[in-house]
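Trainee: I am attaching a structure below and will ask some questions about it afterwards.
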Amino acid sequence: MKLTNAFGLLADFWLAIRAAFIPTVNDVFNTPSLLFSPSLVSKRFMAYVWVAFADSTDDAGRAVKFGLITPHAHGVVLDIGAGHGHTVHYLDRQKVTQYVALEPNTRMHSHIRTRANAAGFVEPDGSLAILSYGAQDTARIAAALGPVDTIVSVLTLCSVPEPERTLHNLVGDVLKAGGTLLFYEHVRNPREDVAWWQRFWTPMWQTAFDGCKLDRATHVWIDAMPVWETKKVWGKDGEDFESLFWHRAGRFVKKGDA
Ligand SMILES: C[S@@+](CC[C@H](N)C(=O)[O-])C[C@H]1O[C@@H](n2cnc3c(N)ncnc32)[C@H](O)[C@@H]1O
């Protein structure tokens, strides 16, 4: 593997530190009680990081997301780890009755609301809901929403705790029979040398990016679930085979009686 690929993520790491370190230290200085809650400090850090990364990350995935989300998202759409709500740019307003943004980092909610409102999804008529649960809180999600038609995950399953169990519960308890799971994720690279570097960097990377793991075989876990009527997985045009951020997109339709 070329060293430029193996070390390429250091530029992003540096950008994250530059964007988030001083504002986060300021927050801790102004609210010293944050020191007793490392997870809140990490969420603050990620909120500042995502201000710097959200638009360019969306640009980089635009073509795939138009092919994945626009034709297939329908009815009630649950967007897990909604970030700043960029998914709304890909929703067909005629086919989507409600956009539910699941985002545990409440400092991102104002961005979601602004984007969703501009796309015609608003809270007063129920076409927009913002929930601050984690994707793993499936009982609470199911209680709040009932079964949903579509689950979208864009670059989120890398961060959720217990991803296989969370997927099992989301698909089993939240996605309705006949519903669609759409994902666009960076996953474990099939080349063992690249996967080695993904494992190497993950402990450092996850501290800056709110638990994001580089080496999860998310697409494999989803594919192995015995609940699908149809399934399709594809990659990102032109992506370097040595990429540490090796993407897979997938459209999986749950069996009508599952
Ligand atoms: C890389 S960002 C992607 C945001 C958005 N999906 C996008 O593509 O612009 C990952 C998002 O997952 C959220 N997240 C982290 N842990 C999560 C969890 N346990 N459940 C749901 N979302 C989570 C983060 O707060 C962040 O907004």
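To keep it simple, each residue is scored yes or no on (1) within 18 Å of Asp210 (Cα to Cα); (2) not aliphatic (A, V, I, L, M).
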{"site": "Thr114", "(1), (2)": "no, yes"}
{"site": "Asn117", "(1), (2)": "no, yes"}
{"site": "Asp137", "(1), (2)": "yes, yes"}
{"site": "Leu145", "(1), (2)": "no, no"}
{"site": "Asp149", "(1), (2)": "no, yes"}
{"site": "Ser153", "(1), (2)": "yes, yes"}
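Trainee: Show me the strands (runs of 3 or more DSSP E) found entirely inside the stretch 157-258 where at least 3 residues are open to solvent by 30 Å² or more (accessible area, probe 1.4 Å). Spell out the reasoning first.
Mentor: Working: elements: 175-187, 228-234, 246-254.
By residue number, 175-187, 228-234.
Trainee: Looking at (1) in contact with a strand residue (DSSP E or B) (Cβ under 7 Å, 6 or more places away or on another chain); (2) more than 10 Å from the ligand (Cβ to nearest atom); (3) of a type outside the set (A, V, I, L, M), which one does Asp79 not meet, given that it meets all the others?
Mentor: All conditions pass for Asp79, except number (2).
Trainee: For the stretch 97-110, give me each residue that is more than 14 Å from the ligand (Cβ to nearest atom) and not hydroxyl-bearing (Ser, Thr, Tyr). Let's see the steps before the verdict.
Mentor: Quick first cut of the stretch 97-110, residues more than 14 Å from the ligand (Cβ to nearest atom) only: 97-98.
Gln98 - this is the single residue of the stretch 97-110 that is more than 14 Å from the ligand (Cβ to nearest atom) and not hydroxyl-bearing (Ser, Thr, Tyr).
Trainee: Separate question: Any residue that is buried (at least 20 other Cβ atoms within 10 Å of the Cβ), more than 10 Å from the ligand (Cβ to nearest atom) and touching a residue at least 40 places away in the same chain (Cβ under 8 Å) - is there at least one of those in the stretch 111-126?
Mentor: No, that holds for no residue.
Trainee: Exactly one of (1) within 13 Å of the ligand (Cβ to nearest atom); (2) over 30 Å from Gln198 (Cα atoms) is unmet by Gln94. Its number?
Mentor: Failed condition: (1).
Trainee: Just to check your reading of the model, which residue among Phe66, Phe36, Phe53, Phe29 is of a type in the set (Phe, Trp, Tyr), more than 19 Å from Phe245 (Cα to Cα) and touching a residue at least 12 places away in the same chain (Cβ under 8 Å)? Walk me through how you get there before you give the answer.
Mentor: Details: Phe36 fails: touching a residue at least 12 places away in the same chain (Cβ under 8 Å); Phe53 fails: more than 19 Å from Phe245 (Cα to Cα); Phe29 fails: touching a residue at least 12 places away in the same chain (Cβ under 8 Å).
Every option except Phe66 fails the conditions.
Trainee: Another question, if that's okay. Do we find a residue being of a type outside the set (Asp, Glu), more than 10 Å from the ligand (Cβ to nearest atom) and free of Cβ contacts under 8 Å to residues at least 24 places away in the same chain anywhere in the stretch 144-167? Please lay out each step first, then the result.
Mentor: Filtering the stretch 144-167 for residues of a type outside the set (Asp, Glu) gives 144-148, 150-161, 163, 165-167.
Filter again for more than 10 Å from the ligand (Cβ to nearest atom), leaving 144-148, 150-151, 165, 167.
This time we only want the ones that are free of Cβ contacts under 8 Å to residues at least 24 places away in the same chain, so: 144, 146.
Looking for residues that are of a type outside the set (Asp, Glu), more than 10 Å from the ligand (Cβ to nearest atom) and free of Cβ contacts under 8 Å to residues at least 24 places away in the same chain, one finds at least one in the stretch 144-167, hence yes.
Trainee: Do we have Gly146 as under 21 Å from His84 (Cβ atoms) and out of contact with any helix residue (DSSP H, G or I) (no Cβ under 8 Å at 6 or more places or on another chain) here?
Mentor: Values: under 21 Å from His84 (Cβ atoms): no; out of contact with any helix residue (DSSP H, G or I) (no Cβ under 8 Å at 6 or more places or on another chain): yes.
Here the answer is no, as Gly146 does not meet what is asked.
Trainee: Could you list, in sequence order, the residues of the stretch 2-27 that are surrounded by fewer than 15 Cβ atoms within 10 Å (Cβ to Cβ) and over 25 Å from the mean Cα position of the chain (by Cα)?
Mentor: Scanning the stretch 2-27 gives Lys2, Leu3, Thr4, Ile22, Val25, Asn26.
The values are calculated or read from the model by the stated rules, or taken from the named source; none is laboratory data. Remember, predicted model here, so these are calculated numbers, not experimental data. Cβ sites come from the backbone with ideal geometry, for glycine too, and all protein chains shown count toward neighbours. All accessible areas refer to the heavy atoms of the entire protein, side chains included, with ligands and DNA or RNA removed. Shrake-Rupley method; radii C 1.70, N 1.55, O 1.52, S 1.80 Å.
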